[in-house]
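For reference, the structure discussed in these notes is given below.
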Amino acid sequence: MIAAGSQAFWFLTRGTGVVSLLLLTGVVGLGISGAVGWKSTRWPRFVTQGLHRNLALLAVAFVGVHIATSVVDSFSPIRWLDAVVPFVSAYRPVWLGLGAVAFDLLIALVVTSLVRVRLGYRSWRAVHWLAYACWPVSVVHGLGTGSDTRAGWMLAIDAIALGAVIGAVAWRVGRIRPVRVGPRLAAAGASVVGTAGVALWLFAGPLQPGWASAAGTPASLLHGGKTSSATAAVGSTGGSTVALAFPTKADLAGTTQQTSANGVVTLDVRATLSGSTPLDIEIGLRGQSNGSSIAVAEGAVRLGTADDPARYQGPVAIDNGLIRAQLTDAAGSQVNVTISLQIVDQAGTTNGVVHFSTPKGPS
């Protein structure tokens, strides 16, 4: 019933977003460090200047593809207007709006570089340095709305990009002559405070369960426009604070409701689990239909008791037709679930098996 992966647009959006970040990091690193003006007998100045300019143009191209695939993909209600006008989108308006700000600044960076001779040095320099703000804005945009923010490899890429830019700042400040203590302390302080602020926000927001809802994802995308006890807002406070005891394996029995809109298929599974402790589970999946299967792009699992049905929550991953999720409650207790589902008949009768395990370490 469930197929791993998603459509090409979704993968293109993710991939071009990551490449754009790396290219922008190179552009900003070269510019801030002053390496654009560096030269040697083997490496003339026009080579570094050309590299800087071509990286910026390539970044624009990848950002353009990133925007186009986001808009063309019918999964999310993103318009062309949302790409250039900040904070007007119905989909994650703040974080998507920051992406629009970064894009506008990047365009300003490229345009002013192309007409530098006509602008005059002072005007060009002022706009140029202001446009470098596109890098931190794009980083926060990616962390706030990216599909892979929680992935270890994506966090590593973000850390490398941040380290590269901080290193460029340190290199630039270190070359100031005569030596000035004030600028060096200011640069070091800004780097520490900025990095700490982003890290605290990241761990308190995007890395927490339920961020998709908190970020401003429309309810119609989160759970097919329906409201139920198991699709209530993240952070349910009902019931006991004592961690539940889970069996190693439990049978699942329930129903599945399928809806389709704008080419996006939504599956809402509501079921109970066998065992000494009655448990309710709801699984929400969204993706594109491939005939007899669904190519899942996003989903979530909510698990709990009758008085606290949204006790444990977490996003899903699809692995060889199995639904996998690491669920967390408000107290930080975690449990891994692996779910095998089968729709039995046209009425949506569903059965399956759920395997539980304790996480070996931090997610």
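The values are calculated or read from the model by the stated rules, or taken from the named source; none is laboratory data. Everything numeric here is computed off the predicted structure, so don't read it as measured data. Positions of Cβ are generated from backbone atoms using ideal geometry, with glycine treated the same way; all protein chains shown enter the neighbour counts. Only protein heavy atoms, including side chains, enter the accessible area calculation; ligands, DNA and RNA are left aside. Shrake-Rupley method; radii C 1.70, N 1.55, O 1.52, S 1.80 Å.
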- prompt: Which ³J(HN,Hα) values, rounded to whole Hz and listed in residue order, are derived for segment 102-113 from phi using the Karplus coefficients 6.51, -1.76 and 1.60 in 6.51 cos²θ - 1.76 cosθ + 1.60 with θ = phi - 60°, glycine and proline given as x?
  reply: 4, 5, 4, 5, 5, 4, 4, 4, 6, 4, 5, 6
- request: Kindly write out, for segment 77-90 in residue order, the coupling ³J(HN,Hα) from the Karplus curve 6.51 cos²θ - 1.76 cosθ + 1.60 (θ = phi - 60°), rounded to whole Hz, with x marking Gly and Pro.
  value: x, 9, 9, 4, 4, 5, 6, 10, 9, x, 6, 10, 6, 7
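Within segment 162-197, report the trypsin sites (Lys or Arg not before Pro) that DSSP leaves as loop and that have at most 15 other Cβ atoms within 10 Å.
Qualifying residues, ordered by number: ARG175, ARG180.
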field: J(HN,Hα) series, segment 18-28, from Karplus relation 6.51 cos²θ - 1.76 cosθ + 1.60, nearest Hz, glycine and proline x
entry: 5, 5, 4, 4, 5, 5, 4, 4, x, 4, 5
message: Heavy atoms of the protein only, probe of 1.4 Å, neighbouring chains included. What is the accessible area of LEU24 in Å², nearest 10?
response: 10 Å²
- request: Please calculate the 1.4 Å probe accessible area of TRP124, with all protein chains present, and give it to the nearest 10 Å².
  value: 30 Å²
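Local charge sum around GLY142 (other residues, Cβ-Cβ under 14 Å, Lys/Arg +1, Asp/Glu -1)? Don't skip to the end; give the middle numbers.
Numbers: positive: ARG14, ARG92, ARG150; negative: ASP148, ASP158.
In short, +1.
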field: Exposure of PHE246 as accessible area (Å², to 10), given a probe of 1.4 Å and all protein chains
entry: 50 Å²
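Would you rank ARG270, ARG92 by solvent-accessible area, highest first, keeping every protein chain in place and using a 1.4 Å probe? Kindly include the intermediate steps, with their values, before the conclusion.
On the way: ARG270 100, ARG92 15 Å².
So the residues, ranked largest to smallest area, are ARG270, ARG92.
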field: In segment 305-363, trypsin sites (Lys or Arg not before Pro) in a DSSP loop with at most 10 other beta-carbon atoms within 10 Å
entry: LYS360
